[in-house]
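Undergrad: Below: one structure in structure tokens.
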Amino acid sequence: MASFDTAGISGQPERMVDISTGPADSLRQRGGRIPGSAGQPAWSLTRFDPPPIPVLIAAPHGGRTYPADLAGRMRHAAAASLRLEDRFTDLLAEAVARETGATLLVAHAPRAMIDLNRSPEDMDWEMVAGGAPDGSGSLAAGRRARSGLGLVPRRLPGMGELWSRLMTREDLEARIAHVHRSYHAALAAQLEALRDRWGAALLLDLHSMPPLGPKTGRDAAPDFVIGDRFGAACDSALAAVAFDHFAASRRPAAHNRPYAGGYVLDRHAAPARALHAMQVEVCRTAYLDSHMQDPGPGMVAVVEVLAGLVRRLAGELAAGARAQAAE
């Protein structure tokens, strides 16, 4: 995409002119702040005004901005960060949004700093100097935190502890306020705005996954996993459209297993209020190189499949909202 920005103040709306095909004008806003950085934004929001479709694509684990202090405290920083990231899902999301006109929210703060798909309560307080705050002794770490992948990741299988020392309570509070809370406030506001304009909105929460098994044979491992919290996060018709699209694209897909969605869907999905949410996991071998480190030859094809998915879901959602309004 050829573009230029007419403003560069973090947290302020910017005009962004796109001279590729498709919608020609968009607004970009940067918000939040990555603690320990020189004012780097925690996330970027790109949207068209008015939005041409009722879909928001988010990439909460695509962040790759590591402050020096954070990286310096990580054991095996390069390997750990590579495993924690949903590698280059920010690039996938940007390309799909550019092709479709979907609203786009991309995290820049890395998952190693704070996991945007975890509840603030899902914290392992043994990672924090001084432990839990006074009066919160009843707070018990959730299942994710106990596994090592809570609000702040603590350890990885085969790698052990990720950090060389404890974090301070002030550091954790800054991460929650300037990254987690800021990101989710922006996400909620944009979903409400889309719903207000279209009568319904859909969040596509984009993630990546390691390969789930061999890619050949009768039981070939899926390239995509759709998570909808077992039907609680979006209308079943939307899930049916997604699987029809993957079948037509000859891409194997699975439903809710092993990934049904997490905190993002639990927090933002409200189908009764016409706010739908769907987690989309993409196998890393489908779009990365053989080392699953850099964009690979399949990147363009995956963008095409996801863009087609967004168009079909947008059409289904808009048609359903019109039918509801006519009743």
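The values are calculated or read from the model by the stated rules, or taken from the named source; none is laboratory data. Not measured: the values here are computed from a predicted model. Methodologically, a virtual Cβ is constructed for each residue, glycine included, from the backbone with ideal geometry; neighbour enumeration extends over all protein chains shown. Each accessible area value is taken on the protein alone, full model and side chains, heavy atoms only, with ligands, DNA and RNA left out. Shrake-Rupley method; radii C 1.70, N 1.55, O 1.52, S 1.80 Å.
Undergrad: For the Cα atoms of the chain, what angle does the longest principal axis make with the long axis of helix 182-198, in degrees from 0 to 90, nearest 10?
TA: Taking the Cα atoms of the chain, the angle to 182-198 is about 10 degrees.
Undergrad: Name the residues whose placed amide hydrogens come within less than 5 Å of the amide hydrogen of A42, ignoring near sequence neighbours (fewer than 5 apart) on the same chain.
TA: Amide H neighbours of A42, under 5 Å, 5+ apart: G31, G32, R33, I34.
Undergrad: Counting only heavy atoms of protein chains, what accessible area per residue, in Å², does the chain have with a probe of 1.4 Å? Provide the component values of the computation, followed by the final result.
TA: Values: 14400 Å² over 327 residues.
Accessible surface, normalised per residue, equals 44 Å².
Undergrad: Return the single residue from P52, P153, P35 with maximal mean-square fluctuation; model: Gaussian network over the chain, springs between Cα atoms under 10 Å.
TA: It is P52.
Undergrad: Shifting gears a bit: I'd like the carbon and sulfur percentage of the solvent accessible area for the stretch 229-327, probe radius 1.4 Å, heavy atoms only, ligands and nucleic acids excluded. Write down the numbers at each step before the final one.
TA: Details: 2510 of 4770 Å².
Carbon and sulfur together cover 52 percent of it.
Undergrad: Something else: Expressed in nm to one decimal, what extension gain is obtained for the pair A174 and A240 from 0.36 nm per residue of sequence separation less their Cα-Cα distance?
TA: Numbers: separation 66, 0.36 × 66 = 23.76 nm, distance 4.08 nm.
Separation in residues times 0.36 nm, less the Cα-Cα distance, equals 19.7 nm.
Undergrad: Tally up the carbon and sulfur contribution to the accessible surface of the stretch 106-224 as a whole percent, 1.4 Å probe, everything protein left in place. Write down the numbers at each step before the final one.
TA: Numbers: 2740 of 5260 Å².
Within the stretch 106-224, the accessible surface is 52 percent carbon and sulfur.
Undergrad: Then there is this: Output ³J(HN,Hα) for the stretch 78-93: one whole-Hz value per residue in order, computed from phi by the Karplus curve 6.51 cos²θ - 1.76 cosθ + 1.60 with θ = phi - 60°, and x for Gly and Pro.
TA: 5, 5, 5, 5, 4, 6, 6, 5, 8, 3, 6, 5, 5, 5, 4, 4
Undergrad: A further question follows. Which value at 222 nm does the chain reach when only helices count, each DSSP H run of 4 or more adding -39,500 (n - 2.57), with the total divided by all residues and rounded to the nearest 500 deg cm²/dmol? Don't skip to the end; give the middle numbers.
TA: On the way: 9 runs with 101 residues, N = 327.
Only helices count here, giving -9500 deg cm²/dmol.
Undergrad: Loop-only trypsin sites (Lys or Arg not before Pro) in the stretch 210-250, please: DSSP not H, G, I, E or B, and at most 11 other Cβ atoms within 10 Å. Before the final figure, lay out each step's value.
TA: Numbers: sites: K215, R218, R229, R250; in loops: K215, R218, R229, R250.
Within the stretch 210-250, the qualifying trypsin sites (Lys or Arg not before Pro) (loop, at most 11 other Cβ atoms within 10 Å) are R218, R250.
Undergrad: Which semi-axis lengths, in whole Å and largest first, follow from the square roots of five times the eigenvalues of the Cα gyration tensor of the chain?
TA: Numbers: eigenvalues 187, 109, 86 Å².
Calculated on Cα positions only, the semi-axes equal 31, 23, 21 Å.
Undergrad: What's the angle, to the nearest 10 degrees (0 to 90), between helix 236-248's Cα axis and the longest principal axis of the chain?
TA: Around 80 degrees separate the two axes.
Undergrad: Pull up the DSSP beta bridges for the chain and report the antiparallel fraction as a percent, rounded to 5. Please list the in-between numbers first.
TA: Values: 26 of 47 bridges.
Taking every DSSP beta bridge within the chain, about 55 percent pair in antiparallel fashion.
Undergrad: In nm, what is the difference between 0.36 nm times the number of residues separating A220 and L27 and their Cα-Cα distance? Present the calculation step by step, with values, prior to reporting the outcome.
TA: Working: separation 193, 0.36 × 193 = 69.48 nm, distance 4.13 nm.
That works out to 65.3 nm of additional length.
Undergrad: Also: As I understand it, the value is the acute angle between the Cα axis of helix 299-326 and the longest principal axis of the Cα atoms of the chain; what does it come to in degrees, rounded to 10?
TA: Between helix and principal axis, roughly 70 degrees.
Undergrad: Additional query: Assign unit charges at the C-beta atoms only (+1 for Lys and Arg, -1 for Asp and Glu), then state the dipole size of the chain relative to its Cα centre in Debye, rounded to the nearest 20. Could you put the intermediate results ahead of the total?
TA: Details: 36 positive and 36 negative charges, 96 e Å.
Value, rounded to 20: 460 debye.
Undergrad: Could you sort 180-191, 252-263 so that the peptide with the highest average Cβ count within 10 Å comes first and the rest follow in order?
TA: Ranking the peptides 180-191, 252-263 by packing returns 180-191, 252-263.
Undergrad: Name the residue, out of D219, D244, D205, whose mean-square fluctuation peaks in a Gaussian network model built on the chain with Cα pairs under 10 Å.
TA: D219
Undergrad: For the chain, what's the relative contact order in percent, using C-alpha pairs closer than 8 Å and at least 6 residues apart? Show your work: numbers first, answer last.
TA: Working: 656 pairs, mean separation 56.9, N = 327.
It rounds to 17 percent for the chain.
Undergrad: Let me ask another. At q = 0.15, 0.19, 0.23, 0.25 Å⁻¹, what log₁₀ I(q)/I(0) does the stretch 48-135 have when each alpha carbon counts as one equal point scatterer in the Debye sum?
TA: For the stretch 48-135 at q = 0.15, 0.19, 0.23, 0.25 Å⁻¹, log10 I(q)/I(0) is -0.70, -0.92, -1.12, -1.22.
Undergrad: Name the residue, out of T89, T168, T100, whose mean-square fluctuation peaks in a Gaussian network model built on the chain with Cα pairs under 10 Å.
TA: Evaluated over the chain, the most mobile residue of the options is T168.
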